[in-house]
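The values are calculated or read from the model by the stated rules, or taken from the named source; none is laboratory data. On a predicted model such as this, the values are computed, not experimentally measured, just so you know. Cβ: placed from backbone, ideal geometry, glycine included. Neighbour counts: every protein chain shown.
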Amino acid sequence: MPREAPSGSVALFPCIFLEKGTLVLPAAGPQQRTTLSGPSGAPVDVFDAVDHLLATYHRLYVVDLEGIEFERPQFEYLQELTRGQEMWVDAGCRDADQVMDVLVAGATKAVLNTTTLRQAREISRTLKLTTQVALMIETEDGRIVAHDRALAQVSPLELVRDARERGISDIILSAGGPEVDWTWVREASKGGPTYVYSSAFVRGSEVLGSSGARGGIFPAGEVLRRWTTSGS
């Protein structure tokens, strides 16, 4: 299992997906999600799973699927999960006000995601209120996947540079799968802390360290499956 890297080196941290207060394992579409279950078949307790992950990793990345898909963040769970812990939370924030709601719920950083951000100008509006944000840039075939059509026309690296000029320090890059464009990562990393989301990092990644990236984020499903199977 990959472990959290020492301070100053590349860090890996896991991502959990929360739906209706339950940990789920996402797949290609909503209908293919499965609940993370233990040996008895009962759903794994969210708080037990978080405690297990935090025994190894100092930070978690939380994806609130209710917030992303229905604009109904699960604040009651987020408030309990984030107490005293470092968590970056993507709850599908559409605008600056929703970012503040996520931070009030206890997130260390609220994530602005290109797929849900209502308009690009919300980045500037958010930064007038807080700098406790990270920007997730989702791409497909080298192009930004965005709710805002204007944002989708910008090149990924152009958005990285613009976001950093506006005041966002942490950038997360995701191609939606295990394949990573490392040339793009190296360029983005020159301007500041850059993280890469990929399922490939569940077993570590040597190239991540040589890319200049600050860290990698990976879905925690495999780690949690091993935990529920082994019981330790």
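Listed values, structure above:
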| quantity | calculated |
| --- | --- |
| In the stretch 120-144, the residues that are in a loop (DSSP other than H, G, I, E, B) and modelled with pLDDT under 95 | ALA120, ASP141, GLY142 |
| Candidate set from the stretch 91-107 (those that are of a type in the set (A, V, I, L, M) and part of a loop (DSSP other than H, G, I, E, B)); member that is surrounded by the most Cβ atoms within 10 Å (Cβ to Cβ) | ALA91 |
| Hey, GLY41 in a loop (DSSP other than H, G, I, E, B), in contact with a Leu (Cβ under 7 Å, 6 or more places away or on another chain) and more than 30 Å from ARG149 (Cα to Cα) or not | no |
| Test for TYR61: is it buried (at least 22 other Cβ atoms within 10 Å of the Cβ), among the hydroxyl-bearing types (Ser, Thr, Tyr) and touching a residue at least 12 places away in the same chain (Cβ under 8 Å) | yes |
| Output for the stretch 181-216, where each listed residue is closer than 24 Å to GLN132 by Cβ and part of a loop (DSSP other than H, G, I, E, B) | LYS190, GLY191, GLY192, PRO193, GLY212, ALA213, ARG214 |
| Residue within the stretch 146-156 that is farther than 26 Å from PHE17 by Cα and assigned to a helix (DSSP H, G or I) present | yes |
| Test: residue in the stretch 70-83 that is of a type in the set (Ser, Thr, Tyr), free of Cβ contacts under 8 Å to residues at least 60 places away in the same chain and under 20 Å from ALA110 (Cα atoms) | yes |
| Pair list, Cβ under 7 Å, 6 or more apart: the stretch 102-125 residue within 17 Å of TYR197 (Cβ to Cβ) and among the charged types (D, E, K, R), other residue surrounded by fewer than 19 Cβ atoms within 10 Å (Cβ to Cβ) and modelled with pLDDT of 95 or more | LYS109/GLN132 |
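Every residue, every condition in (1) touching a Pro at 6+ places or on another chain (Cβ under 9 Å); (2) within 15 Å of TRP184 (Cβ to Cβ), yes or no:
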{"site": "THR108", "(1), (2)": "no, no"}
{"site": "VAL111", "(1), (2)": "no, no"}
{"site": "LEU117", "(1), (2)": "no, no"}
{"site": "LEU127", "(1), (2)": "no, no"}
{"site": "THR131", "(1), (2)": "no, no"}
{"site": "MET136", "(1), (2)": "no, yes"}
{"site": "ILE144", "(1), (2)": "yes, yes"}
{"site": "ARG149", "(1), (2)": "no, no"}
{"site": "LEU159", "(1), (2)": "no, yes"}
